[in-house]
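As structure tokens, the structure follows; a few thoughts come after it.
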Amino acid sequence: MRLFEKVTAGRQTLKNSIAMAPMTRSRANSEGVVNDLTVLYYTQRVSAGLIITEGINISEQALGSPWTPGIYTPEQIDAWKKVTSAVHDKGGLIYAQLWHTGRVGHSVDRNGKLPVAPSAIAIKGQHFSSQGMKDYETPHELTMPEIRQIVRDYGQAAKNAIDAGFDGVELHAAFGYLPNQFLCESANQRTDEYGGSIENRNRFVLEVIQELVNAAGSDKVGIKLSPTNAYNNIENSDPVAQFKTLIEALNQMPLAYIHLMNAMFPLDKFPHYPKDVMGTFGPISKHLVIANAGYNKETGEAELEKGIAGMISYGALFLANPDLPRRFELNAGLNEPDRATMFGGGEKGYTDYPFLRD
Ligand SMILES: Cc1cc2nc3c(=O)[nH]c(=O)nc-3n(C[C@H](O)[C@H](O)[C@H](O)COP(=O)(O)O)c2cc1C
């Protein structure tokens, strides 16, 4: 089966075509430092061809949700070293997902500071904060010097990730967080060089990717994109043109992969959005395509057979099944993911999902 075949990402050979998708678990301490349970959680899942970590805040400003980890203080970096060395000892490969939440966050969890965004446009609805549900605030519109600083922060975070032993980094440019906000008209109404046209809306992401390549090295950078997810009030008048142009520009850069998400929500309100994300955007990429969202063993295998994606990433199924590749191989039953323990807490729903018995 294709899922169990080796695949090349950049210059690295991955032992199978099954990736663990990035998943926030909100189990770091209030200083953004991960712990021994995090080491156990990732080493349990080391049979993945590639582990992509939960979103990791690149700076204090990047933080949107409580108890999410960072990679900008010495304590945070040291804690990640324990994760990467344990994963490597067991023969795994692990990328750090770099995260800046932009306007998705609340000042109660940001030392009283407003979230930041390309434009001062609030998300409609409420945010889950450490003090319960709160209306989204109107974010601070980033100035040009502030944008340049964020690009540098990404570069520093990538350097820190390599110092911490990660095999590479993934830019989280999906699901309505800061890079995705720059890409989309509903969050970006700027009239300077970062907004107003497809090329200008792409500029921030391309500058960040270049900075990550400079910091982490060629073939050690991936990017996650969700061209048709309206989550966090992300909307585009022409997502095909926007993301096609972006992927063409990314083709010019030495990346390890492009991680593409299918739509996770109904597209009834967006009749102009393409229904087939992989078929529309995948063939444009000259890099390895990792397909994500909604796959099981059969549909993942069928996706690989189409020849567009070279790898499938599994989120909820990997969360609940530490030995997912083995279960696929043996056609064994799967543990069900428990929604109640996805975010926050201790080992329950984190490191206590059972392995198959030998
Ligand atoms: C608990 C949980 C946390 C998540 N956190 C992140 C995250 O930090 N970064 C990210 O890019 N996606 C995140 N996602 C989305 C997953 O990476 C993936 O795109 C999604 O679960 C769809 O894949 P699946 O159908 O295989 O679960 C999260 C998903 C879950 C279930």
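The values are calculated or read from the model by the stated rules, or taken from the named source; none is laboratory data. A quick note: this is a predicted structure, and the numbers were derived from the prediction, not measured. In this analysis, Cβ positions are derived from the backbone assuming ideal geometry, glycine residues included, and neighbour counts consider all displayed protein chains.
Per-structure values
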{"read-out": "Check on Gly349, touching a Leu at 6+ places or on another chain (Cβ under 9 Å), buried (at least 17 other Cβ atoms within 10 Å of the Cβ) and over 28 Å from Val34 (Cβ atoms)", "value": "no"}
{"read-out": "Out of Leu246, Leu356, sole residue that is hydrophobic (A, V, I, L, M, F, W, C) and farther than 21 Å from Ile223 by Cβ", "value": "Leu356"}
{"read-out": "Segment 301-329: number of residues that are surrounded by fewer than 20 Cβ atoms within 10 Å (Cβ to Cβ), away from the ligand (no atom under 12 Å from the Cβ), among the hydrophobic types (A, V, I, L, M, F, W, C) and more than 18 Å from Leu225 (Cα to Cα)", "value": "1"}
{"read-out": "Unique residue being touching a strand residue (DSSP E or B) at 6+ places or on another chain (Cβ under 8 Å) and within 16 Å of the ligand (Cβ to nearest atom) when the list is Phe265, Phe281", "value": "Phe281"}
{"read-out": "Evaluation of Asp338 against (1) more than 30 Å from Asn29 (Cβ to Cβ); (2) touching a Gly at 6+ places or on another chain (Cβ under 8 Å) (one fails), failing number", "value": "(1)"}
{"read-out": "Ile223 within 16 Å of the ligand (Cβ to nearest atom) and either farther than 29 Å from Pro266 by Cβ or part of a strand (DSSP E or B) (or both)", "value": "yes"}
{"read-out": "Every residue from segment 226-268 that is of a type in the set (A, V, I, L, M) and not in a loop (DSSP other than H, G, I, E, B)", "value": "Val240, Ala241, Leu246, Ile247, Ala249, Leu250, Ile258, Leu260, Met261"}
{"read-out": "Selection count, segment 188-237, where residues are polar (S, T, N, Q) and free of Cβ contacts under 8 Å to residues at least 12 places away in the same chain", "value": "3"}
{"read-out": "Segment 243-267 residues that are small (Gly, Ala, Ser), paired with ones that are surrounded by 15 or more Cβ atoms within 10 Å (Cβ to Cβ) and part of a helix (DSSP H, G or I) (beta carbon under 6 Å, 6 or more apart)", "value": "Ala249/Leu206"}
{"read-out": "Condition met for Tyr295 (touching a Leu at 6+ places or on another chain (Cβ under 9 Å), of a type in the set (Phe, Trp, Tyr), away from the ligand (no atom under 15 Å from the Cβ) and under 18 Å from Asn229 (Cβ atoms))", "value": "no"}
{"read-out": "Pairs where the first residue, in segment 285-296, is among the hydroxyl-bearing types (Ser, Thr, Tyr) and assigned to a loop (DSSP other than H, G, I, E, B) and the second is more than 6 Å from the ligand (Cβ to nearest atom) and modelled with pLDDT of 95 or more, C-beta under 6 Å, 6+ apart", "value": "Ser285/Ile247; Ser285/Ile258; Tyr295/Ile312"}
{"read-out": "Of residues in segment 204-242 being touching a Lys or Arg at 6+ places or on another chain (Cβ under 9 Å) and hydroxyl-bearing (Ser, Thr, Tyr), the one nearest to Gln252 (Cα to Cα)", "value": "Ser218"}
{"read-out": "Filter result for Gly91 (of a type in the set (Gly, Ala, Ser), more than 15 Å from the ligand (Cβ to nearest atom) and either in contact with a Lys or Arg (Cβ under 6 Å, 6 or more places away or on another chain) or under 28 Å from Gly294 (Cα atoms) (or both))", "value": "yes"}
{"read-out": "Single residue of segment 299-341 satisfying the filter (aliphatic (A, V, I, L, M) and part of a loop (DSSP other than H, G, I, E, B)) that is farthest from Gly222 (Cα to Cα)", "value": "Ala332"}
{"read-out": "Options Thr43, Thr24, Thr38: the member that is away from the ligand (no atom under 16 Å from the Cβ) and either among the hydroxyl-bearing types (Ser, Thr, Tyr) or crowded, with 22+ Cβ neighbours inside 10 Å (or both)", "value": "Thr43"}
{"read-out": "Residue list for segment 14-63, restricted to those being out of contact with any Gly (no Cβ under 9 Å at 6 or more places or on another chain) and over 20 Å from Lys81 (Cα atoms)", "value": "Gln61"}
